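What follows is a set of notes on a single structure, which appears directly below.
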Amino acid sequence: MNETAQRRTIVGVAVLLAALAIAAVVAVSITAPTDETTTSTTTLPEAGLSPSTTAVPAAPAPSEPFAGIWPFTSDRQVDVYRADPGTGMFFNAEATALEFARVYLGMPEPLATTVATGSGGTAEVAVRARGRSPMVTRVQVRRFGGAEGPYAVVGTTTDNIRIDRPTSGELVGSPVPLKGQGRAFEGNIEVEVRQDGQARGSFLGRGIVTGRGDGELGPFNAVLSIKAPTAAAGAVVFLTTSAEDGAVQEATVVRVLFSEAAPTAGRVRFAVFFHRGEQLVRFDREVAPTLAVLRSALQSLLRGPLPADGPDVSSPFSERTADLLAGVALQSDGTAVVDLGAEVPNASTSAASRLLLDELDSTVFQFPTVTRVEYRLRGSCDAFWEWLQLGGCRISERPGR
């Protein structure tokens, strides 16, 4: 491809992505919670009872999430492209794979060496970052929108970066599990977690895993913390770069879904739990549409009872603790990690700590996807339990498991 043609290609892709972004904004409008109301209360017969059978659960993720990573991440984007495909680049499997390698991965001069056509509108294109590179990235593409629809990339593999976790389509939270085998210069493999719409240079989290650097595959097993996503899905990108100029050499890319990131329609409902005397009481809350329902529930809990909840309702939480939530993540095995940035005032006595744990557990376990919870204080599980004078780190299990 000569310089003029390459420039036209890059401009064309930029125009396409801009159009798709506009279409996505028109199709779905997601806003952060801006207000909160109380709708009803329910008294549970005894403190600590799990409310999971009565509380309003989080909205379920779509049963068949869109599998495309790039350039399309939704059926809506496919429809927009079919209506106005421009030069029609993405109706060609090889062209789609090469543009993905150039734009999404950042390969300097990608070259397709082979194209293997599969069934069901699938194909695999073997791509080298440069013509002289010995490393091959196999780019898997698939047609969307019918037998004559455009292609989108659904993943990539390489011989030098083999991934066990996350698996394709796995639901991940923060931290993201990173397990597999790799070989690279000095063993270092870069990892980026990107949500839909992010290309090379932007990410939710970035780190390094280490395999082996002697030509043999070496195992790695790590986790990577990420920022809260605003999209329902994305990809984990494992890549190696050249020691000479930093250019990307090869990449294994895995499609993932983000926990708590399924868009919801209308207002979102969940419950928080406070005390009326010795009784644990459920209070339903409503907020504007949000992608982080568990986080919203915990933020509502930490704000404490509202005036409308009644004068006889008590809790260790209040306006003084409203900003204590330092982090929350739901891991793929169902473990929620809840991190407080500071101690709750006057909550370390035996009686107060029991009230605090009852309210936290009941609020967290209302969501069926949560099976266990690890509480932390300033990032430390030990510090949380030592602050409550209950010993070292422990994991709270869902009641009845």
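Counting every other Cβ atom within 10 Å of each residue's Cβ, 179, 227 order from fewest to most as 227, 179. Taking label positions 7 Å along the Cα-Cβ direction at both residue 342 and residue 75, the computed distance is 4.9 nm, reported to one decimal. Reported value for segment 139-258: 108 Å³ per residue, from the convex hull of its C-alpha atoms.
A straight chain from residue 319 to residue 397 at 0.36 nm per residue would run longer than the Cα-Cα distance by 25.2 nm.
Where a number appears in this text, it was derived from the coordinates with a stated rule and is not lab data. Remember, it's a predicted structure, so these values are computed and weren't measured experimentally. Cβ coordinates were reconstructed from backbone atoms using ideal geometry, including for glycine residues, and neighbour counts include every protein chain displayed.
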